[in-house]
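The values are calculated or read from the model by the stated rules, or taken from the named source; none is laboratory data. Since the model is a prediction, treat every value here as computed from it, not as a measurement. Glycine gets a Cβ as well: all are built from the backbone with ideal geometry, and neighbour counts include every protein chain shown.
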Amino acid sequence: MTLRSLILRLTLMAAPVAMIGAAALTVPPSSVTPAFAATPTPAPAVAGGLLGTAPVRTTPPTTVGATSFSNTPHITGIGEYGAYQPGATVTLDGSNFGSGSGWVCVQWSRVMAQNYFTRNGTYCLDNVSWSDSHVEARLDPAITGLPDQDASLYIISFDGLTSQHVTLHFVALRARVRAPLYPVQGSPVEVRCSDDADINDCVDRGSGHTNAVFSNFDGTTGTDTYSFRLANGWTFDGADAASIDENGSAPSGTFNIESQPTVGVSSGTVNVDWYTPGWAGDVSYYLTIWVLGPAGVPFTN
């Protein structure tokens, strides 16, 4: 092979490679997506229900000792109400609360039952509005397990800086319920059941006295005594008694509440007088001792 023919052959073999390279350069650079390119993610809502551009944080951060920082939140005023019940909105004025929504929290001074609102002795309110100098937050209307108390309220900024503590006068929701009779667990009421009839029974589901056939021909009278002792903010709120009809037949005897304490006391006695005729006479009644106190809190210590 001559030198000329060898050069010609090499030239023809290189031509397709050059054409391919030229074609690749015709693709617009903008249409190529780099492997490291990430799709932007829009900023979600800030915790507490307020829109913003800060990243989400659903629980308060670990707070830092902020007394040496000039941007520490500082509360100068708390609302216009003397006391706050569950469901109330707490208004706070001050400075350095931050533009991003933080947390308004309460440290309870006394917890009587463990639940969502009392665990670890701390509860954070639901934010209503938030600015650098004015915050409104709401106490959940379902808060229970707490007696009336002075609690400590404070702000945690989104950055984790904590304000000073201020006093929140908390008043628990009130519940009016029937106090169970001893020996029901947690009962504040003890019963001294009269034993003047042939058969006597005083229990939580009702009290009854019965005379046997051919016994106590003139009938029998007696008094059942119900003594109560309440704690944790519970007080007496009245008593009433109703007849128990067994098997659709009304008892032949009678009963009435002979005495009861004044409403509002935490201890006292309710006396029920009863009469049952002789010759298989009977009397049955259901006593209700009403008590009023902080919802979800035990009747006794």
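Starting from residues that are in a loop (DSSP other than H, G, I, E, B) and modelled with pLDDT under 95, keep the ones in the stretch 73-97 and report whichever is surrounded by the most Cβ atoms within 10 Å (Cβ to Cβ).
Residues of the stretch 73-97 in a loop (DSSP other than H, G, I, E, B): 73, 79-83, 85-88, 96-97.
From what is left, the residues that are modelled with pLDDT under 95 are 79-83.
Working: GLY79: 14, GLU80: 6, TYR81: 12, GLY82: 7, ALA83: 11.
Checked the stretch 73-97; the qualifying residue surrounded by the most Cβ atoms within 10 Å (Cβ to Cβ) is GLY79.
The rows are residues; the columns are (1) among the basic types (Lys, Arg); (2) assigned to a strand (DSSP E or B); (3) at pLDDT below 95.
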residue	(1), (2), (3)
GLY145	no, no, no
ASP196	no, no, yes
PHE214	no, no, yes
THR223	no, yes, no
SER227	no, yes, no
ASP237	no, yes, no
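Select, from GLY278, GLY293, GLY233, the only residue that is more than 30 Å from MET112 (Cβ to Cβ), touching a residue at least 24 places away in the same chain (Cβ under 8 Å) and crowded, with 17+ Cβ neighbours inside 10 Å.
GLY278 is the lone residue from the list that is more than 30 Å from MET112 (Cβ to Cβ), touching a residue at least 24 places away in the same chain (Cβ under 8 Å) and crowded, with 17+ Cβ neighbours inside 10 Å.
From the set of residues in the stretch 97-111 that are of a type in the set (A, V, I, L, M) and more than 12 Å from the chain's Cα centre (by Cα), which is farthest from SER152 (Cα to Cα)? Talk me through it step by step, then tell me what you get.
Taking the stretch 97-111 first, the residues of a type in the set (A, V, I, L, M) are 104, 106, 111.
From what is left, the residues that are more than 12 Å from the chain's Cα centre (by Cα) are 104, 106.
Details: VAL104: 11, VAL106: 6 Å.
This residue is VAL104.
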Residues of the stretch 239-276 satisfying the condition of being more than 17 Å from GLY206 (Cα to Cα) and either touching a His at 6+ places or on another chain (Cβ under 8 Å) or assigned to a strand (DSSP E or B) (or both): GLU258, SER259, SER267, GLY268, THR269
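Pick out the one residue from GLY186, GLY206, GLY160 that is of a type outside the set (A, V, I, L, M, F, W, C), within 24 Å of CYS124 (Cβ to Cβ) and surrounded by fewer than 21 Cβ atoms within 10 Å (Cβ to Cβ). I'd like the intermediate steps shown before the answer.
Working: GLY186 fails: within 24 Å of CYS124 (Cβ to Cβ); GLY206 fails: within 24 Å of CYS124 (Cβ to Cβ).
Only one candidate passes the filter, namely GLY160.
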